[in-house]
Amino acid sequence: MEKIFLLLFGIKKMGDLSKHFSRYEFRCKCGCGKDTIDAETLKLCELIREFVGKPISPSSGYRCETHNRHVHGSKNSQHLYGRAVDLPVRNPKSVFEMLCEIYPDKFGVGLYQSFVHVDTRKAARWKVI
C-alpha cells in the first residue's frame, strides 16, 4: 500500500534529501506543490534530529505567500524562502538551549511550547511559551 501511495504522489522515501529527511516533508502545507529547503537549514534539521535521537518531521517548512498569509506568518518570514523550519520535539527548551550554545551569534532560533523554529538568518532569538 505504501509503495502505491508513494508512486501515485511522486513521493520518495525518507532520506531522499539527507540522512533523515525527504524533500516532501518541507513542502508547503497548502497543497500548492511548492517545496524548497536551504542546504544550511537542512543541516540544522539533521543536527537537531541527531540531538533528539528520534525521528522528527517538520510541522512547517517552505510556505508560499498565500499559505504564509493564511497562517498569519510574518511578511518577511524565512519560510517564504525555504530558510526556516518548525520542528515539533518532545523538549523544545533543550533543543533551543543546545542551538544557542553551539551558535551564539548565528541563526534564528525560536522557542515555542511544542516546537522549535530554526532559520538561517543572522542571529535572532525569541521565546513564545
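No lab work stands behind these numbers, since they all come straight from the coordinates. All of these numbers come straight from a predicted model, not from anything done at the bench. Using ideal geometry, Cβ is built from the backbone for each residue, glycine included, and neighbour counts are taken over all protein chains shown.
Structure data summary
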| quantity | calculated |
| --- | --- |
| Gaussian network model of the chain, springs between alpha carbon atoms under 10 Å - residue of 101, 40, 50 with greatest fluctuation | 101 |
| Taking only Cα atoms of the chain, radius of gyration then Dmax in Å | 14.5, 46 |
| Selected from 61, 33, 82 as most flexible by GNM, with the chain as the system and alpha-carbon contacts under 10 Å | 33 |
| Dipole axis of the chain (+1 Lys, Arg; -1 Asp, Glu on Cβ), positive-most option in 61, 21, 32 | 32 |
| Candidate aspartates and glutamates - alpha carbon under 18 Å from residue 75, same-chain residues fewer than 8 apart omitted | 65, 86, 119 |
| MRE, 222 nm, helices only [DSSP H, n ≥ 4, -39500 (n - 2.57), over the chain, to nearest 500] | -9000 deg cm²/dmol |
| Set of the stretch 76-95 residues, backbone N closer than 17 Å to the point 7 Å along the Cα-Cβ line of residue 54 | 87-95 |
